[in-house]
Amino acid sequence: MRSMDAADPSPSTDHLTLRRANLGLVLRRLRDHGPRSRATLAAELGMTRTAVSALVAELAEPGLVRTGGLERGAVGRPGTNVELDGRAVAGLGAEVNVNHVSTMALDLTGEVVSEHKLSLDARAFSAEEVLDRLVELVRSTVADLGQRDIVPVGLTVGVAGLVDRERDVLTHGPNLGWHDVPVGELLRARLGEEVAITVENEGNLAALAEATPGDPARQDVLVLFGEVGVGGGIVTEGRPLRGRQGYAGEFGHMIVEPSGRRCGCGRVGCWETVVGLRALLDLAADPDDPVRDPAMAIDDRLAELNRRASLGDTRTIDALAQVGGWLGVGAAMLANVLNPAAIVLSGYFAAVGEHMRPALETRLRAGVLAPDVGGTRVELSTLGFTAAVRGGAGLSLETVFADPTRVARRPPAEGAVR
Ligand SMILES: [Zn+2]
C-alpha cells in the first residue's frame with residue numbers, strides 16, 4: 001500500500017532523481033506557504049498542471065498530502081486545496097540533558113502527537129543507565145504512534161555536549177560528565193533497526209526549532225539556550241551553521257571573565273560560569289533551598305523564582321539582574337559578530353527572561369557598535385524546555401521533505417503498520 005515504485009517498474013536514474021526533487025518541492029511548498037490549489041502550485045513552481053496533479057496524487061497515496069477545502073482569494077473559479085496530511089508519518093526527537101530525558105513526535109504538519117519526559121539528575125547515573133531511561137521513553141513514543149498507525153521516519157537525539165556527527169559519539173559533555181560516549185551505537189543496540197538514529201548537539205536542535213520555514217523574520221536567528229550548560233545555535237538564511245566539524249555554537253565557553261570561576265570544561269571564566277543555571281541558583285538561594293534540589297522538576301523551580309521575583313524578593317531580583325547583565329555582555333559580543341534578526345532566549349533563559357531582560361538589554365545596547373543594536377530584537381522562546389526535542393523531531397522529518405519517496409520505500413515497522 002505504501003510502495004509507490006510498483007507503478008513505475010524500471011525508471012531511469014535521471015527520471016527518479018527528478019521525480020524525488022519535484023515531490024520534495026511540492027511538499028516543502030505546502031509546509032512553508034500553507035494549503036493551496038494545484039493551479040497555484042503549478043504557477044509558483046513553474047510546472048504544468050498535469051505534472052503537479054500527478055505529483056500530488058503520488059504524495060497522497062502514502063498519506064503525505066490530502067485535498068480539502070476551497071482556495072481562498074483565488075482569481076476565477078476557486079480550486080480545491082492541497083495540504084499536508086499528518087496521519088501517515090512522524091519524526092521523533094529525543095533529548096538527554098543534565099536534568100531530564102525527553103521525547104517528542106511531530107507529525108508532518110508539525111503537530112505534537114506524542115510527548116514524554118522524565119526528570120532526573122543525569123550525573124547520578126552512568127551513561128548506559130541514562131540511555132536506558134531514554135529508550136523507555138522512545139518505546140512509549142513509538143507505541144503511541146503505533147496505536148494511530150503513524151510510521152516513525154527517524155529519531156534525532158539531542159545531547160548536551162560536543163557531538164562527532166560522523167560517528168554519533170558525544171565526545172565531550174562536561175555537564176553530564178560524559179566523554180567519548182557512543183550514544184548512537186548504544187541506542188541502536190537497544191532499539192535495533194526499528195528507526196534510523198541521528199545524534200546532534202542539543203543547542204543546534206533548539207536553534208532549528210526557532211527558525212520558522214517560510215518566515216523571513218526567522219531566517220537569521222541566534223538562539224541562546226540556557227540550562228546547567230549554556231549553548232545554542234546560529235541559523236543563517238534558514239540553515240544551521242555547524243562549522244567545520246559541527247562544533248559551532250559553543251557560546252557557553254566564550255571566556256568573559258578570565259579571573260573568574262572554573263567551568264565544567266576545565267577552563268576559567270567561561271560565559272557559562274556566570275549565566276548557567278547553577279550560577280543563577282547559587283546567587284538566588286541557599287544550598288538547602290528547594291529551588292536548588294535537582295530532584296525537583298526544573299520548570300517548578302524556575303516558576304518559584306519567578307514567583308519570588310514578582311513578590312519583590314530582593315535576593316531573587318538581584319540574582320536575575322546580575323545574570324541578565326552577564327547575558328547582555330556575551331549577547332553583545334555575538335550580535336557584533338553576527339548581526340542576527342533576533343536573539344532568542346531559550347531553555348531556562350526564556351522561563352525567567354522577563355525578569356532578566358532589562359539588565360540584558362542595557363548591556364546589549366551598550367555593547368553593540370551598530371546603531372539601534374543593528375535591528376536585532378531580543379525574544380523569549382515559547383517552546384520552553386521542549387525546544388531541543390522539537391528541533392530533533394523536525395530534523396527527523398526533514399528526510400521526508402527532502403525525499404518523499406523514502407516513506408514509500410520504507411519497509412513497515414513491526415506492529416506499527418497494518
Ligand atoms: Zn567552559
Taking the range 259-270 and the residues there that are more than 8 Å from the ligand (Cβ to nearest atom) and part of a loop (DSSP other than H, G, I, E, B), the one that is farthest from Ile298 (Cα to Cα) would be Ser259
Note: among Ala309, Ala319, just one is modelled with pLDDT of 95 or more, away from the ligand (no atom under 14 Å from the Cβ), in contact with a His (Cβ under 7 Å, 6 or more places away or on another chain) and within 20 Å of Glu361 (Cα to Cα), namely Ala309
- [ ] Test Gly231 against the criterion of being assigned to a helix (DSSP H, G or I), modelled with pLDDT under 90, over 28 Å from Val407 (Cβ atoms) and within 16 Å of the ligand (Cβ to nearest atom), and give yes or no.
- [x] no
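Yes/no matrix, rows are residues, columns are (1) of a type outside the set (Lys, Arg); (2) at pLDDT below 95; (3) within 30 Å of Gly177 (Cα to Cα):
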{"position": "Gly68", "(1), (2), (3)": "yes, yes, no"}
{"position": "Val75", "(1), (2), (3)": "yes, yes, no"}
{"position": "Val82", "(1), (2), (3)": "yes, no, no"}
{"position": "Ala124", "(1), (2), (3)": "yes, yes, yes"}
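Output the residue which, of all residues in the range 166-196 that are assigned to a loop (DSSP other than H, G, I, E, B) and under 26 Å from Arg244 (Cβ atoms), is modelled with the highest pLDDT.
The first filter runs over the range 166-196 and keeps only residues assigned to a loop (DSSP other than H, G, I, E, B), leaving 166-168, 174-177, 182, 192-196.
Okay, now just the ones that are also under 26 Å from Arg244 (Cβ atoms), so 166-168, 174-176, 182, 196.
Values: Glu166: 89, Arg167: 92, Asp168: 94, Pro174: 84, Asn175: 84, Leu176: 92, Pro182: 97, Ala196: 94.
Applying the filter and picking the extreme gives Pro182.
I'd like the residue in the range 235-258 that is more than 10 Å from the ligand (Cβ to nearest atom), of a type in the set (D, E, K, R) and part of a loop (DSSP other than H, G, I, E, B) and, out of all such residues, is nearest to Gly173 (Cα to Cα). Even if it seems obvious, please write down each step before you answer.
Residues of the range 235-258 more than 10 Å from the ligand (Cβ to nearest atom): 235-249, 251, 256-258.
Of the ones still in play, those that are also of a type in the set (D, E, K, R) are 237, 239, 242, 244, 257.
Then keep just the ones that are part of a loop (DSSP other than H, G, I, E, B); that gives 237, 242, 244, 257.
Numbers: Glu237: 29, Arg242: 17, Arg244: 19, Glu257: 22 Å.
So the residue we want is Arg242.
One line per residue, one yes/no per condition, for (1) out of contact with any helix residue (DSSP H, G or I) (no Cβ under 6 Å at 6 or more places or on another chain); (2) buried (at least 22 other Cβ atoms within 10 Å of the Cβ); (3) closer than 30 Å to Gly24 by Cβ:
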{"site": "Glu111", "(1), (2), (3)": "yes, no, yes"}
{"site": "Ala160", "(1), (2), (3)": "no, yes, no"}
{"site": "Glu166", "(1), (2), (3)": "yes, no, yes"}
{"site": "Ala189", "(1), (2), (3)": "yes, no, no"}
{"site": "Asn204", "(1), (2), (3)": "yes, yes, yes"}
Over the range 214-228, the set of residues surrounded by fewer than 24 Cβ atoms within 10 Å (Cβ to Cβ) and either in contact with a His (Cβ under 9 Å, 6 or more places away or on another chain) or assigned to a strand (DSSP E or B) (or both) is Gly214
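Tell me the residue from Ala402, Ala416, Ala370 that is at pLDDT 95 or above and surrounded by fewer than 21 Cβ atoms within 10 Å (Cβ to Cβ), please. Full working, then the answer.
Working: Ala402 fails: at pLDDT 95 or above; Ala416 fails: at pLDDT 95 or above.
Going through Ala402, Ala416, Ala370 in turn, just one is at pLDDT 95 or above and surrounded by fewer than 21 Cβ atoms within 10 Å (Cβ to Cβ): Ala370.
The values are calculated or read from the model by the stated rules, or taken from the named source; none is laboratory data. Bear in mind that the values here come from a model prediction, so they are computed numbers and not experimental data. Neighbour counts are summed over all protein chains in view; Cβ atoms, including those assigned to glycine, are modelled from backbone coordinates with ideal geometry.
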